Amino acid sequence: MATTIESRTKEIADNVTKNNALLSRLKEKGNIKTFSGGSVIFQELSFAQNGNTGYYSGYDLLPVAAQDVLSAAQYAIKQAAAPIIISGLEMLQNSGKEQMIDLMDGRLAVGEASMYNLLAGGVYADGTGSGGKEITGLGAAVPLSPVTGTYGGIDRAVWTFWRNQVTDTAGITAATIQQSWNTQWAKQVRGMDRPDLIIVDSVTWAIYMQSLQAIQRFTSPTKGNLGFPSVAFMDADVVLDGGIGGFCPGGTAFFLNTNYLFWRPHADRNMVPLAPNKRYALNQDAEVQILAWAGNLTTSGAQFQGRWDNN
């Protein structure tokens, strides 16, 4: 079983990203970056402009004072696992080569799917679930109350650059959603920086779709090929993460600039078996293998992320 997991490691990790629209986009942009060690995950960021920048004329002296403009947010390493178990009786009943392969593939498929769903849900988490062990996802990166709390080791009450943009509204309909979204969009534009992915729940998706005339419906072939229903707002993909098993909170649209979002798995714990050898229960006739992952979702630009709420 360990050998089977090991041989499928890259495939499993790839399928995790394909199972979530945000992770799929981060993979396209090369923003899935492994780390190799340390007690926390560091995400470098720029928090101020170079104060020496300015105009001059002729022989004017140019300022060359040292500038402290770079820092790093710090994120805890979160862990997830899916134990996969085969009893001794099942091994005997499936002792032929083909039968054992079928049994292991079946058990692994269930374990993999369980991990996909766990991590896909973790993308939206605020890091407090499971006793603080879950992923520090969009619930923490793009909260409804961005002026308080500490995220990535940075106090939002002190540092305004670390606050996401919010539109907290209610009663938006198909007749008013585009005007409301225009307002949210404008809050997040800085030159070429703007949202490129908008993730919505089923209710928000229905309202937005009702606001579109047939001639205005532009689909994204890339996202469609990956299985995500999408239309466009401005030049961003609007992607549904609702329906059966959707994780986006109700009445919510996340306006994301994925240039500043990163998926950071550990290089040695990215959907791999915990041990290369067989694991046996001490008091049971069973073999156990554990499919494991460690890492977190990080951001280097909270101010470029937005949340629209219609509750």
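Bear in mind these aren't lab numbers, they're just calculated from the coordinates by the rules spelled out. Keep in mind the model is a prediction, meaning the values are calculated, not measured. With ideal geometry, Cβ positions are generated from the backbone for all residues, glycine too; neighbour counts draw on all protein chains shown.
Using amide H atoms built 1.01 Å from N in the peptide plane, name the residues 5+ places from Ala236, or on other chains, whose amide H lies under 5 Å from its own.
none
How much length would be gained if the chain were fully extended between Val147 and Glu28, taking 0.36 nm per residue of separation minus their Cα-Cα distance, in nm to one decimal?
That pair, Val147 and Glu28, stretches by 39.7 nm at full extension.
Compute the FRET efficiency between Met234 and Asn117 as 1/(1 + (r/R0)^6), taking r as their Cβ-Cβ distance and R0 = 35 Å, and round to the nearest 0.05.
0.70
Would you mind ranking Ile77, Ile199 so that the residue whose beta carbon has the fewest other beta carbons within 10 Å leads the list?
In increasing order of surrounding Cβ atoms, one gets Ile77, Ile199.
Give me Thr128, Thr298, Thr17 sorted ascending by neighbouring Cβ count inside 10 Å, so fewest comes first.
Thr128, Thr17, Thr298
Please list, by residue number, every one of the trypsin sites (Lys or Arg not before Pro) in the stretch 254-293 that is coil in DSSP and has at most 11 other beta-carbon atoms within 10 Å.
In loop regions of the stretch 254-293 (DSSP not H, G, I, E or B), the sparsely surrounded trypsin sites (Lys or Arg not before Pro) are Lys278.
List the chymotrypsin sites (Phe, Trp or Tyr not before Pro) within the stretch 249-292 that fall in a DSSP loop (any state other than H, G, I, E or B) and whose Cβ has at most 11 other Cβ atoms within 10 Å.
none
Taking the Cβ-Cβ separation of Ser95 and Thr128 as r and a Förster radius of 51 Å, what is the calculated FRET efficiency to the nearest 0.05?
0.65
How many nm separate the modelled label positions at Leu274 and Asp193, each set 7 Å beyond the Cα in the direction of the Cβ?
About 4.1 nm separates the two model spin labels.
Between Ala267 and Thr160, 0.36 nm times their residue separation minus their Cα-Cα distance comes to what?
Full extension of this stretch gives 35.2 nm more.
For the stretch 98-180, what class follows from the C-alpha gyration tensor (a ≥ b ≥ c being the square roots of its eigenvalues): rounded when a/c is under 1.5, otherwise prolate if a/b is larger than b/c, else oblate?
Taking the square roots of the gyration eigenvalues as a ≥ b ≥ c, the stretch 98-180 is oblate.
Check which residues have an amide H placed less than 5 Å from Leu291's amide H, if you skip close sequence neighbours.
Sorted by chain and number, the residues that satisfy this are Ala82, Ile84.
Past 29 Å, Cα to Cα, is the threshold; run Lys133/Lys187; Lys78/Lys187; Lys27/Lys97; Lys33/Lys133; Lys97/Lys133; Lys18/Lys97 against it and keep the listed order.
From Lys133/Lys187; Lys78/Lys187; Lys27/Lys97; Lys33/Lys133; Lys97/Lys133; Lys18/Lys97, over 29 Å: Lys133/Lys187; Lys78/Lys187; Lys27/Lys97; Lys97/Lys133; Lys18/Lys97.
Hey, what do the phi angles of the stretch 234-247 turn into as Karplus ³J(HN,Hα) couplings, whole Hz, using 6.51/-1.76/1.60 and θ = phi - 60°, x for Gly and Pro?
In residue order, the calculated couplings are 6, 10, 9, 6, 9, 10, 7, 10, x, x, 6, x, x, 10 Hz.
For the residue pair Leu62 and Gln74, what label-to-label distance in nm results when each label sits 7 Å from Cα along the Cα-to-beta-carbon direction?
3.6
Rounded, prolate or oblate, given the Cα gyration tensor of the stretch 249-311, with a/c below 1.5 counting as rounded?
oblate
List Asp268, Asp235, Asp196 from most exposed to least, where exposure is judged by having the fewest other Cβ atoms within 10 Å.
Asp235, Asp268, Asp196
How many nm is it between the label spots at Ala286 and Ser36, if each spot is 7 Å from the Cα in line with the beta carbon?
3.8
For the stretch 250-271 and the stretch 290-308, write down the distance between their C-alpha centroids in whole Å.
Going from one Cα centre to the other spans 4 Å.
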